[in-house]
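Have a look at the structure below, then the notes.
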Amino acid sequence: SSGINAEWPLRRGPPIVFTQYWMRVIPPRDGIPANTVMFECSFQMNKTEIKDYLKDIYNLETQQVNTEVVDGERFKFQVPELGIKTHTNTHKKIAYVVLKDHDMSYPNDEFFKSPDSSPESSDLVVAPS
């Protein structure tokens, strides 16, 4: 016997697709309309892919998608024998998504501050307008 398992892979059915894309909701800035949601997303995503991602994964119809690249935070630190060095955190890509026929209601400010919040208080609600 050659030692090769002829039954590999054991899973049958449609293939599982792992995507390199990701999105997470971030707190809205002041002055953002109720039907606009802010997401931090993967740098590889363009506007069309963001729109398709929200449609396919969350079944959300979008009216418009705008993106912005935000510079990372810069800070200085002391290194022995080398002096003061500067470091920049990674940049972020922010997507402003205008929902079609929906308003976004955020539960409360604690949703964004506490990573250990209970599931009851952290559910986002998309309400028809």
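The values are calculated or read from the model by the stated rules, or taken from the named source; none is laboratory data. This is a predicted model, so every value here is computed, not measured. Here Cβ is always computed from backbone atoms with ideal geometry, including for glycine, and neighbour counts include all displayed protein chains. Side chains are part of the model used for accessible areas, which takes the heavy atoms of the whole protein and leaves out ligands, DNA and RNA. Shrake-Rupley method; radii C 1.70, N 1.55, O 1.52, S 1.80 Å.
Could you check how many residues of region 43-73 are part of a strand (DSSP E or B) and either over 16 Å from Val97 (Cβ atoms) or out of contact with any helix residue (DSSP H, G or I) (no Cβ under 8 Å at 6 or more places or on another chain) (or both)?
Result for region 43-73: 5.
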| region 33-73, residues that are open to solvent by 50 Å² or more (accessible area, probe 1.4 Å) and in contact (Cβ under 8 Å) with a residue 60 or more places away in the chain | Pro33, Ala34
| task | Please work out which residue is nearest to Gln20 (Cα to Cα), limiting yourself to region 74-85 and to residues that are in a strand (DSSP E or B) and open to solvent by 90 Å² or more (accessible area, probe 1.4 Å). | result | Arg74
| Of the conditions (1) surrounded by fewer than 12 Cβ atoms within 10 Å (Cβ to Cβ); (2) in a loop (DSSP other than H, G, I, E, B); (3) at pLDDT below 85, Pro107 fails just one. Which one is it? | (1)
